[in-house]
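Everything below concerns the one structure shown next.
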2 protein chains.
Amino acid sequence: MSPDESAVHLGDVSASEFRRAMHRVADLTADYLEQVHAYRVVPRVSPGDVTKLLPGSPPEEPESLDRILDDYKRIIEPNTTHWNHPGFMAYFGITGSGPGILGEALAAGLNVNAMLWRTGPAATELEELTCDWLRQLVGLPPAFRGHINDTASMSSLLALATARQRVGAADIRQRGLAGRPDVPPLTVYASEHTHSSIDKAMIALGLGLEQLRRVQADDGFRLDPAALAEAIAADRAAGRRPIAVVATVGTTSTTSVDPVRPIAEICRREKLWLHVDAAYAGSAAVCPELRELMVGWEAADSIVVNPHKWLFVPVDCSVLFLRDIETLRAAFSVVPEYLRTSEHEATNLMDYGVQLGRRFRALKLWMVLRAFGQRGLQERIRYHCGLARRFAALVQGEPGWEVCAPVPFSTVCFRAVPELPLEEQNRFNERLLAEVNARGPVFVSHTKLRERYVLRVAIGNLRTSMSHVAQAWELLRAVRARLAAEW
Amino acid sequence: MSPDESAVHLGDVSASEFRRAMHRVADLTADYLEQVHAYRVVPRVSPGDVTKLLPGSPPEEPESLDRILDDYKRIIEPNTTHWNHPGFMAYFGITGSGPGILGEALAAGLNVNAMLWRTGPAATELEELTCDWLRQLVGLPPAFRGHINDTASMSSLLALATARQRVGAADIRQRGLAGRPDVPPLTVYASEHTHSSIDKAMIALGLGLEQLRRVQADDGFRLDPAALAEAIAADRAAGRRPIAVVATVGTTSTTSVDPVRPIAEICRREKLWLHVDAAYAGSAAVCPELRELMVGWEAADSIVVNPHKWLFVPVDCSVLFLRDIETLRAAFSVVPEYLRTSEHEATNLMDYGVQLGRRFRALKLWMVLRAFGQRGLQERIRYHCGLARRFAALVQGEPGWEVCAPVPFSTVCFRAVPELPLEEQNRFNERLLAEVNARGPVFVSHTKLRERYVLRVAIGNLRTSMSHVAQAWELLRAVRARLAAEW
């Protein structure tokens with residue numbers, strides 16, 4: 001394999017071919033957003049079906065972009081679960097909005113890796129700027145600085161790693177946790193409704209699932225501060241070392257809001273790191289009238305808000321706000337020779353976490369915040385909350401159904417209550433969910449609350465309107481009636 | 001804030017507005033790729049300059065997409081370091097290729113979160129399929145299964161977390177590392193040239209930087225197996241517990257290749273996890289004649305290959321191959337009630353790592369592998385290797401310069417050797433680098449090898465041809481001559 005002196009420049013696909021294909025992608029995407037409502041939300045497909053449609057080996061020879069895009073349209077798009085569908089009301093409804101899609105496409109063309117300021121000046125500074133815009137929009141004090149991660153899973157992991165590093169003399173970054181008589185088990189506190197990402201952070205950080213205290217919640221699914229204080233005291237008495245509390249603003253099951261102010265007071269007293277998981281509901285703070293639900297979060301050490309959840313930014317984009325972002329850098333900065341630069345005064349984003357490589361995620365966030373503006377974001381979040389309240393009112397107004405949790409935001413937990421023993425009720429609702437989802441126009445998910453199998457309708461897609469919510473309700477009623485007749 | 005019964009549906013930006021803007025983005029991106037060579041690689045900008053061009057607060061009212069795109073073109077694009085520039089030869093040269101850009105744009109429109117099979121059937125199955133295509137392309141045995149992460153930093157973290165979990169009776173996932181007399185310090189071995197992501201994994205996983213043994217390298221910057229065996233024995237004798245070795249195929253400084261076969265033999269004998277970091281050079285294995293450099297990697301427990309490095313996929317896309325992927329699931333799977341589904345036989349990608357949320361990264365990988373085909377990928381990698389060899393030959397042919405490391409792939413380490421003491425030589429090369437980069441048409445980086453400040457030219461962009469390499473060389477010679485005259 002000697003160098004071929006006569007080699008022509010091989011390069012990328014041809015410029016004209018790319019331009020033509022990119023215009024086709026523009027139409028494919030615009031068509032998709034206009035017509036996505038015509039799809040079933042969840043495709044009628046079984047595991048392995050997509051694989052069967054594709055060759056088991058890569059092609060030896062290049063294929064044309066048109067052929068690849070034909071296959072995309074024929075095989076990929078129809079076999080997707082359509083998160084951008086107005087009937088998507090499962091988990092948390094999200095939106096890859098038009099402005100965000102533009103931002104992703106442009107970022108892919110630039111292909112910036114903003115690990116260092118010098119490798120991405122605009123990307124680095126736009127990240128700092130848009131995080132500060134978001135901070136202002138949700139009403140957090142200027143002390144907080146934001147850092148974009150892919151997901152809340154990583155944001156929360158970094159927050160807890162920083163809390164762990166704050167056990168100062170231990171210098172866990174340098175010396176680790178194992179084989180150290182001077183480091184007792186380090187405990188973290190969260191409500192029983194905390195997201196599974198906190199469990200994963202406990203695993204990854206070597207703290208151990210056992211050291212996550214799932215503190216009991218009150219009737220409203222909110223962490224009970226008295227129970228928290230007791231758990232902390234018990235651990236201290238047993239020789240363990242509490243390091244952090246995770247308060248959730250908008251839990252995944254019910255969107256309940258932990259009482260952040262008394263929790264913050266406990267953290268202050270006990271010198272514990274307070275991490276607020278507001279991945280979903282933090283976006284609601286763009287509406288001043290919803291901020292009262294977050295009161296106390298301004299006393300947190302770290303807060304995660306995911307613009308890819310309820311702020312219409314395509315996945316992935318999670319903002320970790322830290323009151324003292326230098327603590328994150330102290331925990332993670334490692335600068336090898338090949339990454340040293342002379343711009344000492346500049347922010348190098350690689351210093352603030354695990355990942356060296358960093359996509360230009362701020363671009364889509366910037367474009368979304370500008371395209372909707374503060375007013376546009378507020379109106380849409382209010383509209384979603386209004387839809388959820390109207391859905392809850394429909395459920396409450398119908399005999400034999402119940403709303404199972406308060407509705408502070410845009411998610412409703414509810415269930416059918418047929419006159420059956422609880423076990424049978426649960427099977428009934430499970431079957432109800434499966435059959436409603438099998439119909440196609442809506443996709444609803446579930447959770448369990450106090451041994452009850454509960455359905456969840458979560459509004460978060462920009463294309464969802466009252467007609468879709470009403471359709472979901474009519475479908476639920478119809479399937480319930482049929483099920484009741486044959487149960 | 002009662003629900004507004006008369007609220008119109010607010011929705012996304014209008015369909016026609018989006019379509020028009022997306023076509024404009026198609027042209028912006030196509031124009032960019034056609035004209036990027038006309039930019040300086042690194043913009044002439046200082047920290048804070050971009051921020052000054054942008055308002056400090058988000059807009060209250062919505063702004064038009066055209067206005068936002070105007071600002072993109074005026075403020076963002078010119079102030080970017082152009083990784084897609086043919087003169088980008090710093091760090092590792094990469095490419096956001098045309099087919100990959102199409103894939104990113106389509107993925108943003110779908111906005112799939114493939115956490116569960118049911119939430120992304122096509123995304124989940126395409127990920128499994130394309131990872132297997134890549135496995136075939138690089139010639140790994142079928143036992144390896146791939147899992148896409150954002151970056152090699154995460155891939156390597158997951159690999160070491162899985163190694164940590166294999167310390168079976170300890171059940172570190174459940175019980176953690178702290179306060180356990182039964183768990184000694186856990187040590188990891190890597191060469192002194194290992195990437196900083198391994199340091200960050202040691203921090204994050206609670207193993208501690210001190211427990212990373214940076215084993216001495218040989219004259220060719222390759223980990224010395226004898227020194228490795230000694231280090232392991234010394235740790236065992238001291239009561240520490242070795243858990244894993246990281247072998248690098250293509251180190252960041254010189255692209256040296258650790259001798260994987262004897263390292264694998266040591267790992268087999270010592271029952272240690274072998275992780276192979278082939279983030280950059282793994283892609284070269286698409287060329288059968290380059291696979292001999294990787295011999296032995298098929299005995300690894302885990303291997304990371306980054307298609308976003310040298311396989312023309314836009315950032316981010318890192319594939320972690322595991323010989324027994326179920327060990328990764330055993331380390332990380334946590335399934336809360338709200339994520340339970342009935343598709344027991346399907347792969348749920350969320351089970352294989354820290355992050356719950358998962359973008360549809362396989363789409364761009366699939367499009368790139370198809371658009372170039374096996375032959376196209378091979379030709380381009382051979383072409384890049386050829387360019388590097390030709391550059392090395394130019395350096396070697398010129399008195400007063402030296403190539404500082406072997407050139408197995410597409411990266412050349414070299415330096416000017418003026419007749420000066422070593423300290424002065426280093427300052428000379430540092431200044432040479434700064435002045436060459438300040439000129440604009442090329443961007444070169446550096447490292448340190450045996451106390452020598454060394455320049456690096458790394459070829460990896462599809463737009464780079466011999467003319468750019470020759471231009472870099474002429475620029476280096478010219479600046480060197482000027483510097484020598486005034487030194």
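For peptide B:306-319, what's the mean number of Cβ atoms from other chains within 10 Å of each residue's Cβ?
Numbers: counts 1, 0, 4, 2, 0, 0, 3, 2, 8, 11, 8, 1, 2, 0.
Partner-chain Cβ atoms within 10 Å, mean over residues of B:306-319: 3.
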(message) Please report the antiparallel percentage of the DSSP beta bridges confined to the stretch A:113-359, to the nearest 5.
(response) 40 percent
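Which percent, nearest 5, of DSSP beta bridges in the protein assembly as shown are antiparallel?
55 percent
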(request) Quick one: check the C-alpha center-to-center distance for the stretch A:108-175 versus the stretch B:313-334, whole angstrom. (result) 24 Å
(request) Give the total of Lys-Lys pairs in the protein assembly as shown with Cα-Cα distances below 25 Å; include a pair only if its members are 8 or more places apart or on different chains. (result) 22
(message) For a quick check: with amide H placed at 1.01 Å from N, whose amide H comes under 5 Å from A:Tyr189's, ignoring anything fewer than 5 positions away on the same chain?
(response) A:Arg213, A:Ala244, A:Val245, A:Val246
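Report the local net charge at A:Cys404: Lys and Arg +1, Asp and Glu -1, summed over other residues whose C-beta lies under 11 Å from its C-beta. Present the calculation step by step, with values, prior to reporting the outcome.
Values: positive: A:Arg415, A:Lys448, A:Arg450, A:Arg452, A:Arg456; negative: A:Glu402.
Cβ neighbours under 11 Å give a net charge of +4.
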(request) Go through the stretch A:246-298 and name the trypsin sites (Lys or Arg not before Pro) that are in a DSSP coil and have 16 or fewer other Cβ atoms within 10 Å of their Cβ. (result) A:Lys271
(request) Lys and Arg at +1, Asp and Glu at -1: add these up for the other residues within a Cβ distance under 11 Å of B:Ser191 and post the number. (result) -2
(message) If I model a spin label at A:Arg340 and A:Arg291 as a point 7 Å from the Cα along the Cα→Cβ vector, what separation in nanometres do I get?
(response) 4.5 nm
(request) Report, as an integer, the average count of C-beta atoms from other chains found within 10 Å of each Cβ along A:33-45. (result) 2
(message) Given the DSSP H assignment, sum -39500 (n - 2.57) over each helix run of at least 4 residues in chain A and divide by its residue total; what's the result at 222 nm in deg cm²/dmol, nearest 500?
(response) -13000 deg cm²/dmol
(message) Compute the distance from the alpha-carbon center of the stretch B:248-265 to that of the stretch B:353-409, in whole Å.
(response) 17 Å
(message) Taking 2.2 N^0.38 Å as the expected size of a compact globular protein, what ratio does the Cα radius of gyration of the protein assembly as shown give against it, to two decimals?
(response) 0.91
(message) Give me a comma-separated list of calculated 3J(HN,Hα) values for the stretch A:266-276, in order, Karplus coefficients 6.51, -1.76, 1.60 applied at θ = phi - 60°, integers in Hz, x for any Gly or Pro.
(response) 5, 5, 4, 5, 8, 6, 10, 5, 10, 10, 9
(message) Looking only at Cβ-Cβ distances, which cysteines of the protein assembly as shown have no other cysteine closer than 4.7 Å?
(response) A:Cys131, A:Cys267, A:Cys287, A:Cys317, A:Cys385, B:Cys131, B:Cys267, B:Cys287, B:Cys317, B:Cys385
(message) Need one value for B:146-159: mean number of C-beta atoms belonging to other chains within 10 Å of its residues' C-beta atoms.
(response) 3
(message) Please report the antiparallel percentage of the DSSP beta bridges confined to chain B, to the nearest 5.
(response) 55 percent
(message) Stokes-Einstein diffusion coefficient for chain A at 25 °C in a medium of 0.890 mPa s, Rh from the Kirkwood formula over Cα pairs: what value in µm²/s?
(response) 99 µm²/s
(message) Using each residue's phi in the stretch A:407-415, evaluate 6.51 cos²θ - 1.76 cosθ + 1.60 at θ = phi - 60° and report the 3J(HN,Hα) Karplus result to the nearest Hz, with x for Gly and Pro.
(response) 10, x, 10, 10, 10, 10, 9, 7, 7
(message) Give the residue list of GluC sites (Glu not before Pro) in the stretch B:8-104 that are DSSP loop and have at most 16 other beta-carbon atoms within 10 angstrom.
(response) B:Glu60
(request) Work through the residues other than B:Arg361 whose Cβ is under 13 Å from its Cβ and net out their charges, Lys, Arg +1 and Asp, Glu -1. (result) -4
(message) Apply the Karplus curve 6.51 cos²θ - 1.76 cosθ + 1.60, θ = phi - 60°, to the phi angles in the stretch B:97-107 and return the couplings in whole Hz, x for Gly and Pro.
(response) 6, x, x, x, 5, 4, x, 5, 5, 5, 4
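Where a number appears in this text, it was derived from the coordinates with a stated rule and is not lab data. Everything numeric here is computed off the predicted structure, so don't read it as measured data. As a convention, Cβ positions derive from the backbone with ideal geometry for all residues, glycine included, and neighbour counts pool all protein chains shown.
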